[in-house]
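The block underneath contains the structure these notes are about, expressed in C-alpha cells.
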Amino acid sequence: MDGNGRWAKARGLSRSEGHAAGADCVRECCRAAIKNGVKYLSLYTFSQENWNRPEKEVDTIMALMASNMIKTMPEFEENNIRFKVIGDMDRLSPELREQIAAAEEHTASFDRLTLILMFSYSGKWDILQAADKYAAARASGNAEVSFDSCLATAGIPDPDLLIRTGGEKRISNYMLWQCAYTEFYFTDKLWPDFREDDFVAALDDFKGRDRRFGKVN
Ligand code: IPE
Ligand code: MG
C-alpha cells in the first residue's frame, strides 16, 4: 500500500493524514475483494524497515492500527471477515499485541474473506525465523516438516497476485519465499486513490495471465 505520503504532500496535508486516508481505503478494498470472490487479501501495512521512520510517524501508524481495528470490527462481523496480523509481534507494544490477539480470536471462525495485515513484517525475517523452526523440528526427529509450515504465513496460500501501488517497481522485502510464482501488477495510483475499479482492473489483468509455473503448456 504505497503512496500515502505523496498523496498527502500533493494536498498540502501531513504524512499522518495520508496514512489515515490510506487506512480508510482498506475497508473499500475488503468490500471489493469480497464482491470479486477473493478469499485472502494480505496488505503490506508496515515493514520492519519502516521502524526506521521518524518516531512521530511510527507512533501515528501504531495509533491508526489500534483505532482502525476498533472502527472496522462491525464490518468484520457483518461481512464474515477473518482478521489476522502477521509479522514480528515482539516489537509491538504489549497493548497493541493484546488488541490484535483479541481481534484475531473474535474473528477466527469467519470465513468469507481472510484479511491479513502484514505488520512489522519482512520477508528475510520470515525466512530466517522459519529456518530456525525448521532446523529445530528436523533436529527433534520430524523429517516430514515442510518449510512452508514454518513460515509466519503457515496455512495461508501463496499469493496469486501482488498489486503494488505508488509507481515503484520493487518487492521491498515482501513475502520473498511465498512470491516464487506470484503474478505482479504495478500501478502509478497512490494507495489512498486506489478504488474498487482499480482493484477490478488488476484482477482483470491477472485473469489474462498465462501461468505456467515453469512448465510447457
Ligand atoms: C505507505 O505509504 C505506507 C507505509 C509504508 C506505512 P508511504 O508512507 O511509503 O508513502 P510515500 O511512498 O512516502 O508516498
Ligand atoms: Mg513509500
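General remarks:
- Remark: pairs (first residue in region 137-158, over 16 Å from residue 180 (Cβ atoms); second residue aromatic (Phe, Trp, Tyr) and open to solvent by 60 Å² or more (accessible area, probe 1.4 Å); Cβ separation under 7 Å; 6+ apart in sequence or on different chains) = 145/134.
- Among the residues of region 29-55, those identified as open to solvent by 50 Å² or more (accessible area, probe 1.4 Å), part of a helix (DSSP H, G or I) and in contact (Cβ under 8 Å) with a residue 24 or more places away in the chain are 31, 35, 49, 51.
- Residues of region 1-28 that turn out to be open to solvent by 30 Å² or more (accessible area, probe 1.4 Å), outside any loop (DSSP other than H, G, I, E, B) and within 7 Å of ligand 1 (Cβ to nearest atom), as a count: 3
- Those residues of region 30-62 which are among the acidic types (Asp, Glu) and within 16 Å of ligand 2 (Cβ to nearest atom), in sequence order: 49, 57
- Subset of region 153-193 (residues that are among the aliphatic types (A, V, I, L, M), open to solvent by 30 Å² or more (accessible area, probe 1.4 Å) and part of a loop (DSSP other than H, G, I, E, B)): 154, 171, 176, 180, 190
- Among (1) of a type in the set (D, E, K, R); (2) touching a residue at least 40 places away in the same chain (Cβ under 8 Å); (3) open to solvent by 70 Å² or more (accessible area, probe 1.4 Å), the one test that residue 207 misses: (2)
- Comparison of 73, 65 shows that the only residue that is under 15 Å from the mean Cα position of the chain (by Cα), more than 16 Å from ligand 2 (Cβ to nearest atom), open to solvent by less than 50 Å² (accessible area, probe 1.4 Å) and over 24 Å from residue 161 (Cα atoms) is 65.
- Top-ranked residue in region 3-13 [being within 16 Å of ligand 2 (Cβ to nearest atom) and out of contact with any helix residue (DSSP H, G or I) (no Cβ under 6 Å at 6 or more places or on another chain); ranked as nearest to residue 157 (Cα to Cα)]: 6
- Candidate set: region 194-217, residues that are of a type in the set (D, E, K, R) and part of a helix (DSSP H, G or I); chosen: the one nearest to residue 20 (Cα to Cα): 196
- Contacts under 7 angstrom Cβ, first residue in region 1-26 being among the small types (Gly, Ala, Ser), partner in a loop (DSSP other than H, G, I, E, B) and within 15 Å of ligand 2 (Cβ to nearest atom), 6 or more apart: 3/165; 3/166; 3/190; 22/1
- Condition check for residue 83: within 14 Å of ligand 2 (Cβ to nearest atom) and either over 28 Å from residue 169 (Cβ atoms) or aromatic (Phe, Trp, Tyr) (or both): no
- Within region 76-111, being loosely packed, with under 12 Cβ neighbours inside 10 Å and in a loop (DSSP other than H, G, I, E, B) holds for 93, 108, 109, 111.
- Comparison of 144, 196 shows that the only residue that is touching a Cys at 6+ places or on another chain (Cβ under 9 Å), more than 19 Å from residue 46 (Cβ to Cβ) and open to solvent by 40 Å² or more (accessible area, probe 1.4 Å) is 196.
- Look at region 82-95: where a residue is in contact (Cβ under 8 Å) with a residue 40 or more places away in the chain and a partner is among the aromatic types (Phe, Trp, Tyr), sitting 6+ places away or on another chain with Cβ atoms under 7 Å, you get 86/121; 87/119; 87/121; 88/125; 91/51.
The values are calculated or read from the model by the stated rules, or taken from the named source; none is laboratory data. Only a predicted model underlies this, so the values are computations on that prediction, with no experimental measurement involved. Quick reminder, even Gly has a Cβ in these numbers, built from the backbone with ideal geometry, and neighbours come from all protein chains shown. Keep in mind that these areas ignore ligands, DNA and RNA; they rest on the heavy atoms of the full protein, side chains included. Shrake-Rupley method; radii C 1.70, N 1.55, O 1.52, S 1.80 Å.
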